[in-house]
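Have a look at the structure below before the remarks.
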Amino acid sequence: MRGIARGRRGALAVVSALVVAAVVLAACGSSSNSSSSSSTASSSGKQVKVGAALIGPKNDKSFNQAAYQGAILATKSDPNIKLTSTLENKATDAQRTDAVNTLAPLNNVVLGVSAAFGPIFNVLAPKFPSKYFINIAGYTPQYQKNVTGFANDWGAPAYVGGVIAANMTKSGTVGYVGGAEIPPTTQAAAAFAAGAKSVKPNIKVLSNIVGDFNDVAKAKAATSAMITDGADVVFPFLDAGIAGAYAAGKASGKNPAMFKLTIPDCTSYGNIVGTEVVNNLAATNVMHQKNATVAKVTKDTIDGVNSGKIKLPANAINPRPDYPYQEGFNGPVQNANKTS
């Protein structure tokens, strides 16, 4: 399933596209952690100041780190782009609102990293009509002329993960541990269960959304409970909190198979099945490196999802908006005349 670019592209569309493309590159293995660029505008164009707000820490080895590294790559790719500041750990609506109100007066572009910024931009973007807002992994509920959202159907790779889990389990019980209760988390939970049950209709799927992508203690407690209840494959839809899931797996002595989000990591835990990668420019991907049989199942499922032969349940994908949007970067514009 390709990334979904939502909303109208304005004068700063080239910046938004560059940032998202860089996020994809970072998610596939960039290790850049350099500081913000201090380059000035070149003779060919005007400097564009970008302020970023993240739902978690920029070094979470997952979603936020990939987005941050993507923004850094954008500044290196274009000397006219300057990342002025990065505000981390904006985990509540109040914190996200304060972050946007802080960044908007000082920058040309505000980058909000999380679906949770969509509703915030919906309220605040009209108050800053001369500024542009980019939502990574989300979109506004209503059309806003100065907002572009890039939303992924996170349910697609989670569905593949469910199929893998069902093929791997020996106990007949698998588990899903989610972070913040936002659409990507609930959609991935539904998709993981649907994928698992497509293979084994009677499989037991345990699910716990702990409310925070980065709370290690909550993730450990939820994962421990699932292992106690028999789960031998666990899908942690977490960022920094995944350290808690790993700790639970190690402490159990059973080392259940687990997945990783966004940035591959084969050293933090001894039984990582693969990495969920959502590639905005290509396709959904979940990598499996050890078992040839499961690798084939993975490829077949990815191909089925991307070709449309496998239909994801409605609660596993983003509802399409009633305003202009595109499926992927090159897809035709839908609802082209609906801007109100």
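The values are calculated or read from the model by the stated rules, or taken from the named source; none is laboratory data. For clarity, every value in this text was computed on a predicted model and none was experimentally measured. We place every Cβ from the backbone using ideal geometry, glycine too, and count neighbours over all the protein chains shown. SASA here: full protein model, heavy atoms, side chains in, ligands and nucleic acids out. Shrake-Rupley method; radii C 1.70, N 1.55, O 1.52, S 1.80 Å.
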**Message:** If I ask for residues that are polar (S, T, N, Q) and not in a strand (DSSP E or B), which ones from segment 131-141 would you list?
**Reply:** T140
**Request:** Considering only segment 121-146, state which residues are under 28 Å from L312 (Cα atoms) and of a type in the set (V, I, T).
**Result:** I134, I136, T140
**Complete:** Within segment 94-125, residues among the polar types (S, T, N, Q) and within 17 Å of K145 (Cβ to Cβ) come out as N108, N122
**Prompt:** Is there any pair with a first residue in segment 260-273 that is of a type in the set (S, T, Y) and a second that is outside any loop (DSSP other than H, G, I, E, B) and surrounded by 18 or more Cβ atoms within 10 Å (Cβ to Cβ) whose Cβ atoms are under 6 Å apart and which are 6 or more apart or on different chains, and what are they?
**Reply:** T262/A27; T262/F63; T262/A66; S268/Y246; Y269/Y246
**Asked** Could you give every pair whose Cβ atoms fall below 9 Å, whose first residue belongs to segment 126-146 and is closer than 16 Å to G328 by Cα and open to solvent by less than 30 Å² (accessible area, probe 1.4 Å), and whose second residue is among the basic types (K, R) and not in a loop (DSSP other than H, G, I, E, B), counting only separations of at least 6 or pairs across chains?
**Response** N135/R6; G138/R6
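Yes/no matrix, rows are residues, columns are (1) touching a helix residue (DSSP H, G or I) at 6+ places or on another chain (Cβ under 6 Å); (2) under 25 Å from T298 (Cβ atoms); (3) part of a helix (DSSP H, G or I); (4) of a type in the set (D, E, K, R):
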| residue | (1), (2), (3), (4) |
| --- | --- |
| Y143 | no, no, no, no |
| Q187 | yes, yes, yes, no |
| G195 | yes, yes, yes, no |
| K218 | no, no, yes, yes |
**Message:** Tell me whether segment 159-176 contains one or more residues that are surrounded by fewer than 24 Cβ atoms within 10 Å (Cβ to Cβ) and farther than 22 Å from I272 by Cβ.
**Reply:** no
**Request:** Can you tell me which residue within segment 147-179, out of those that are assigned to a loop (DSSP other than H, G, I, E, B) and at pLDDT 95 or above, is nearest to K127 (Cα to Cα)?
**Result:** G179
**Message:** Need the failing condition index for M226 against (1) part of a strand (DSSP E or B); (2) open to solvent by less than 40 Å² (accessible area, probe 1.4 Å), just the number.
**Reply:** (1)
**Message:** I'd like to know if segment 88-102 contains one or more residues that are out of contact with any His (no Cβ under 6 Å at 6 or more places or on another chain), free of Cβ contacts under 8 Å to residues at least 12 places away in the same chain and of a type in the set (D, E).
**Reply:** yes
**Prompt:** Which residues, counting only those in segment 240-259, are under 20 Å from the mean Cα position of the chain (by Cα) and touching a residue at least 60 places away in the same chain (Cβ under 8 Å)?
**Reply:** A240, G241, I242, A245, F259
**Message:** Quick check on this structure: which one of T298, T293, T267 is more than 21 Å from N135 (Cβ to Cβ), among the hydroxyl-bearing types (S, T, Y) and modelled with pLDDT under 80?
**Reply:** T293
**Message:** I'm told L124 meets every condition in (1) outside any helix (DSSP H, G or I); (2) out of contact with any strand residue (DSSP E or B) (no Cβ under 6 Å at 6 or more places or on another chain); (3) over 22 Å from F213 (Cβ atoms) except one. Can you identify the failing condition by its number?
**Reply:** (1)
**Message:** Tell me which strands (runs of 3 or more DSSP E) are completely within segment 1-113 and hold 1 or more residues being open to solvent by 40 Å² or more (accessible area, probe 1.4 Å) and modelled with pLDDT of 50 or more, or say none if there are none.
**Reply:** 48-54, 81-87
**Message:** Filter segment 51-90 down to the residues that are aliphatic (A, V, I, L, M) and in contact with a helix residue (DSSP H, G or I) (Cβ under 7 Å, 6 or more places away or on another chain) and list them by number.
**Reply:** A52, A53, L54, I55, A66, A67, A71, L73, A74, I81, L83, L87
**Item:** Filtered residues of segment 301-317 (kept if at pLDDT 90 or above, part of a loop (DSSP other than H, G, I, E, B) and not β-branched (V, I, T))
**Value:** K309, K311, L312, P313
**Item:** Candidates A283, A251, A257 - the one that is open to solvent by 20 Å² or more (accessible area, probe 1.4 Å), touching a helix residue (DSSP H, G or I) at 6+ places or on another chain (Cβ under 8 Å) and modelled with pLDDT of 90 or more
**Value:** A251
